[in-house]
Amino acid sequence: MENPGIYSARFFGENISDEEKCKKVLEMLKDAKESQRTARFKCSICFIDEKGVEHIFEQKCEGKIAYNLRGNNGLGYDPIFEYNGRTFAQMSDEEKNKISHRGKALEEFINYIA
């Protein structure tokens, strides 16, 4: 089962802070083996041109769920999404945008329309 999937913003309810969401994920995975902590962020951008042709730009970033919250930058699940030993919340916006699902999808889209 893929959790929280496309419902990540509302996975634990409407009125819950990002920090609380992260803590709940960590609690869910408290007994998980290292191999069960894989995670990915995925971004899809759809552009329909003037002829009605649909263009989809989809990118993902593979990582894992850390064992605790780390870092103060970013939003959402960034403090627990680990990529190459650091969480997204430990990275500057510039670092994160070069490797993130959103940054790569947006770059692909911008290159297309340029």
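Values in this text are rule-based calculations from the coordinates and carry no lab data. Owing to the predicted nature of the structure, the values given are computational and were not obtained by experimental measurement. Neighbour counts run over all protein chains shown; Cβ positions are idealised from the backbone, glycine included.
A few points about this structure:
- Between the Cα long axis of helix 18-28 and the first principal axis of the chain there is an angle of about 60°, rounded to the nearest 10.
- Inter-label distance for Glu58 and Glu19, nm, one decimal - labels placed 7 Å from Cα along Cα-to-Cβ: 3.6 nm
- Sites matching trypsin sites (Lys or Arg not before Pro) across the range 28-114 that sit in DSSP coil, with at most 14 neighbouring C-beta atoms within 10 Å: Lys30, Lys33, Lys51
- Other residues within the sphere of radius under 11 Å centred on the Cβ of Gly63, judged by their own Cβ, net out at +2 (K and R +1, D and E -1).
- Charge dipole magnitude, Cβ of K and R +1, D and E -1 - the range 39-114, Cα centre, debye nearest 20: 380 debye
- Tail beyond 26 Å, pair distance distribution of the chain (Cα, percent): 25 percent
- The loop-placed chymotrypsin sites (Phe, Trp or Tyr not before Pro) in the range 57-87, going by DSSP, that have at most 16 neighbouring Cβ atoms within 10 Å of their Cβ come out as Tyr67.
- For Lys42, a cut-off of 19 angstrom between C-alpha atoms picks up these lysines, skipping any fewer than 8 places away in its own chain: Lys21, Lys60, Lys64, Lys96, Lys98, Lys104.
- Nearest-ten-degree value, helix 101-113 long axis tilted from longest Cα axis of the chain: 0 degrees
- Rounded to the nearest 0.05, the FRET efficiency derived from the C-beta distance between Asn68 and Ile110 at R0 = 30 Å is 0.25.
- Normalised contact order of the chain, rounded percent, pairs of Cα under 8 Å and 6 or more residues apart: 22 percent
- Net charge over other residues, Cβ less than 13 angstrom from the Cβ of Glu27 (K, R count +1; D, E count -1): +1
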